Amino acid sequence: MNYDRILIRYGELSLKGKNRKLFIDKLKKNIKRVLRDFENIQIEASRERMFILLNGNDGSEIVNRLKSIFGIQSFSPAVKVEKDLEKMKETALALFQKNYKPGQTFKITTKRSDKNFFMRTNEINHTFGSHLLQNVEGLKVNVKNPDVNLLIEVRHEAAYMTCETIQGAGGLPIGSSGKAMLMLSGGIDSPVAGYLSMKRGLNIEAVHFYSPPFTSERSKQKVIDLTEKLAQISGGVTLHIVPFTEIQQLIQQTIPENYSMTTTRRLMLRITDEIRKKRDGLAIITGESLGQVASQTLESMYAINDVTNTPIIRPLITMDKTEIIDIACDIDTFDISNRPYEDCCTVFVPSSPKTKPRRDKVRHFESNTDYEPLIARAVENVEKIRIKPQSSKQELFEDLF
Ligand code: ATP
Ligand code: MG
């Protein structure tokens, strides 16, 4: 008895009405994209479950890829059986024999969503448990900590059986929450912020400010490589590279040194907001974490945020650096972020930036300069790159199939 499909359980089951349909459609599309190189697999979606019909394809590689798709709570390689007791018993036994090694313990778990099925949950557990005990020599039940848990889902259209439940990535399908612009530096934090936003269903485009010749090609490459890691997860990310030298030089000349950081951030935000408008995004994401550096005090955020009322999403705001680094390692961006090349902010960093800048003051300092033409020029000269994922990850689930 071989698994012939993969049964997918959705996350966030509380979603209702239209949202739920949007969620399922997006998830289906995302799965299709990730599995596009598998010929003749079929994806069937219903309100409660999604099924990938393997049609002879290699299930282990499919399982492996499903693990990183947001919007999946858990999934199981499974077999479909007609709701006929004898056929169900036969299938349960065959499936169990394939997945069990002598000496192991087991239990049966039943999910009965078809309330018209003639047996109740406990009765099903009991019937199938007895059937296995009668037919497999030396078999023992262990309800608390079984080696093999045979799960029987009795649904409206059929029953499904599996001995394996694999944890999904959780979250919401990418794209189901809309689009936002990620302010991506070469640092550790912003790629993590991008990842967490995608996990919550956002489709992201990245915006990076660079200041040649003060920042090198290698620091630009670093950001491209980081974007590629994010593209690996979403299937593709557009990166906007903004030339920022002219503006930074003007800031040096026009703003008192201890406020130059605040103004730099304000202008980055204004430019990002312009790009957002052009790209139909509805929010801006940053890698800010409260109190981490001078520009990330609450006073600083208050002074910087002054330039827009677009929602600013700060997924890392309450996280410690160690927690952020753990995620950066998981998503494989840490080593890239740690490359030593300079960032436009580190080049122009003032010796003592104000940790408590004031809105009225920064407004006053900026009021002598008309930044609009520079902002327009920066937006006009943005270099837009569409970054695609490279290769898929290695196989880990060969033994299941
Ligand atoms: P990161 O690790 O993401 O660089 P950080 O702790 O170094 O963050 P800052 O350098 O103060 O913090 O930057 C705060 C946020 O501002 C970043 O997380 C990022 O979202 C944005 N940002 C900073 N520099 C740039 C840049 N050159 N291009 C685009 N966004 C930037
Ligand atoms: Mg930084």
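The values are calculated or read from the model by the stated rules, or taken from the named source; none is laboratory data. Everything numeric in this text was worked out from a predicted model, so none of it was measured. So basically every Cβ, Gly included, is an ideal-geometry build from the backbone, and we count neighbours across all protein chains shown. For the accessible areas, the whole protein counts, side chains as well, though only heavy atoms, and no ligand, DNA or RNA atoms are used. Shrake-Rupley method; radii C 1.70, N 1.55, O 1.52, S 1.80 Å.
Odds and ends about this structure:
- Looking at region 1-135, the pairs of alpha carbons with a distance over 20 Å make up 54% of the total.
- Listed residues V379, V192 arranged by accessible area, highest first, probe 1.4 Å: V379, V192
- Calculated [θ] (222 nm, deg cm²/dmol) that DSSP helices of n ≥ 4 give over the chain, each run adding -39,500 (n - 2.57): -12000 deg cm²/dmol
- Efficiency of FRET between D306 and T165 - r from beta-carbon atoms, R0 51 angstrom, step 0.05: 0.55
- Check: the chain dipole with +1 on Lys, Arg Cβ and -1 on Asp, Glu Cβ, in debye: 1180
- The chain: translational diffusion in µm²/s, Stokes-Einstein, Kirkwood Rh over Cα pairs, 20 °C, 1.002 mPa s: 89
- The chain - share of DSSP beta bridges that are antiparallel (%, nearest 5): 55
- Which of M119, M183 is most accessible, then next, and so on - probe 1.4 Å: M183, M119
- In plain terms, the chain from D84 to R218 could stretch by 41.8 nm, reckoned as 0.36 nm per residue minus the Cα-Cα distance.
- Distance between the pseudo-spin-label points of D114 and K384 (7 Å out from Cα toward the beta carbon): 5.1 nm.
- For D335, the accessible surface of its heavy atoms amounts to roughly 120 Å² (probe 1.4 Å, protein chains only, rounded to the nearest 10).
- Given their separation in residues at 0.36 nm each and the Cα-Cα distance between them, Q42 and K29 gain 3.5 nm when the chain is fully extended.
- Between 0 and 90 degrees, the angle of helix 121-135 with respect to the longest Cα principal axis of the chain falls at about 60 degrees.
- Solvent-accessible area of V141, all protein chains in place: 80 Å² (probe radius 1.4 Å, heavy atoms, ligands and nucleic acids excluded).
- Residues in the chain average 48 Å² of solvent-accessible surface per residue, probe 1.4 Å, ligands and nucleic acids excluded.
- Paramagnetic label reach from T121 (point 7 Å along Cα→Cβ; backbone nitrogen cut-off under 19 Å): within region 139-177, residues 142-146, 149-165.
- Straightening the chain between R279 and S351 buys 22.3 nm, computed as 0.36 nm per residue apart minus the Cα-Cα spacing.
- Hits among lysines - C-alpha to C-alpha of K89 under 17 Å, sequence gap 8 or more where chains match: K80, K98, K107, K111
- Sparsely packed trypsin sites (Lys or Arg not before Pro) within region 143-236, loop by DSSP, other Cβ within 10 Å at most 15: K144
- Computed over region 182-286, the alpha-carbon pair-distance distribution with 5 angstrom bins reads 2, 12, 23, 22, 20, 12, 6, 2, 1, each value a whole percent.
- Distance between the 7 Å Cα→Cβ label points at K321 and H364: 3.4 nm.
- The listed residues H364, H156 rank as H156, H364 when sorted by accessible area, largest first, using a 1.4 Å probe.
- Between D4 and D330, the FRET efficiency estimated from the beta carbon spacing at R0 = 25 angstrom works out to 0.20.
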